[in-house]
1. How big is the charge dipole of the chain about its Cα centre, in debye rounded to the nearest 20, if each Lys and Arg gets +1 on its Cβ and each Asp and Glu gets -1 on its Cβ?
2. How would you rank ARG263, ARG51, going from fewest to most other Cβ atoms within 10 Å of each one's own Cβ?
3. In the range 133-164, whose amide N lies under 13 Å from the spot 7 Å out along Cα-to-Cβ of ASN228? List them in ranges.
4. If you keep only loop residues by DSSP, which GluC sites (Glu not before Pro) in the range 163-237 have at most 10 other Cβ atoms within 10 Å of their Cβ?
5. Can you give the direction-averaged projected area of the convex hull of the alpha-carbon atoms in the range 176-228, in nm²?
6. Counting Lys and Arg as +1 and Asp and Glu as -1, each charge on the Cβ, what is the dipole of the range 215-364 about the Cα centre in debye, to the nearest 20?
7. Once fully extended, how much extra length lies between VAL106 and SER281, figured as 0.36 nm per residue of separation less the alpha-carbon to alpha-carbon distance?
8. Fewest to most neighbouring Cβ within 10 Å: what's the order for VAL161, VAL166, VAL137?
Amino acid sequence: MKKIVGLITANYSTKYPTALSETRPVASMPYLGRYRVVDFALSNMVNCGIRTVGMVMPYNYRSLIDHVGSGRDWDLNRKKGGLFILPGSAFGTSRTGSRFLLRDLVHNKAFLERGEGDLAILSSASFVYNMDYSDLVAAHRASGADITVLTKRASEKDVDVTGFNVDGSRVKSLKHGVEFADTAFLDCFVVGREFLLQMLEWYQQTDYLDLFEAMAADYARVNVQTYNYEGYAAAIFNKDSYFRANMDLLDPMVSDELFPEGRTIRTKAHDNAPAKFERGSRVTNSRISGSCRISGVVSNSILGRGVVVESGASVNNAIVMQSCVIQSGARVENAIVDRNNVVPAGTELRGTPEALFIKEKAAE
């Protein structure tokens, strides 16, 4: 596994952007108070032994660079291999949510060409799951497939998730969006490194397309097999899926599955003091990050680092990101409050479960 090349693509945007994704890519969206979404893609690779990982950056890369740095927190700051920050290209004409834009791969052929191993694992940074990729690689080698894609049976309709039409385990065609019980693509696949370079030559005239879109007429000659993942996986492409993926982790069974012993999800280290719960505070079924100070009431919510909930304030069914202050008497419910906001005393920020209230990031 050490010789396998890993490549994470972050150079794409959501089809339905919100105030949350205007200033940052999906990859650097905060998750569960202390993580970023990209942590799962990075950790899945390094936990199975991959030591050479490239990351294709989007145009709004500042927050992502700030988070991953040199890769030290993932043991990727090394002399041989390590983390490679790669430039992303301008978007093509595709508006179908391309995560493996051919132009990005072509512009970074040198990274693939310099690899030593025979395989490459490519992943987007929009799915939350914890998997040992050794199983995926073993299935790929055993099947003799040209490409093995990681899939899961769709549990609901999702227009942002890519699906496959399959015959048994072989992919016959691509579809945009999935319905219940469809074969959903988890935006991760393993492919022969030399074969991938060959495909980049095949499709260089259509480099504005996604790799799997460009293959539309070639699924009969390219053997693309599926590998079904049975564990917990959540797609994050819009505010509703982002909110739901965070709230799922308030269920201890889901949390135990996503964070099993032996497969740690790594993230950027922060030197934070523990959270402080003042006398009279009340917290139920919530995730409270380091350096928070709670004097009010918090229920069914997720709080990022350094959040202050003053006496008389309440937070319910909400995500409150880093360094926010909920002043006395304020109420936050069915909402996502981005970082650095101050909710004034007596103010209500209230949405509904079907229509979440979004408070954009405040100036630092």
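Derivation of every value follows stated rules applied to the coordinates shown; laboratory data play no part. This structure is a prediction, so every number in the text was calculated from the model and none was measured. Note that we place each Cβ from the backbone using ideal geometry, even for glycine, and neighbour counts take in every protein chain shown.
1. Dipole of the chain, to the nearest 20 debye: 880 debye.
2. ARG263, ARG51
3. Backbone N within reach: 151-155.
4. Filter output for the range 163-237: GLU230.
5. Spelled out: convex hull of the Cα atoms, projected over all directions, averaged, 4.5 nm².
6. Its charge dipole is roughly 420 debye.
7. My answer for the length gained is 57.5 nm.
8. In increasing order of surrounding Cβ atoms, one gets VAL166, VAL137, VAL161.
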